[in-house]
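Before any comments, here is the structure.
A short reminder: the numbers here are calculations on the coordinates, not readings from a lab. Please read these numbers as outputs of a predicted model, since none were measured by experiment. Here the Cβ positions follow ideal geometry from the backbone for every residue, glycine too, while neighbour counts run over all protein chains shown.
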Amino acid sequence: MTSDIKKFGKRIQSLRMQANLSQEELSEKMKISREYLSLVERGKRYLSLKKVFELACILNIRLTEVFNFEQSCLKKTDKTRN
């Protein structure tokens, strides 16, 4: 589970960088501290579902895109089963 949290954090960081936003800018828009966003991106803290939804709205992406990292995990799992 810990690795999933880290993957989720890396996904948040990747989406933020694709949007050309600094941690400061995104955290301000999300109304959380920059420090908390940093912890989320490092897989040390969680975002509530409400905040994940806000993130998707801020970045103008579908909610499912936030969780897109799961597809790569599933593909690896499928390969190991064969």
Legend entry - Value in Å of the Kirkwood radius, where the stretch 2-81 supplies the Cα pairs that are averaged: 12.9
Legend entry - Furthest towards positive pole of dipole, CYS57, LEU15, PHE69, structure part the stretch 2-81, Cβ charges: PHE69
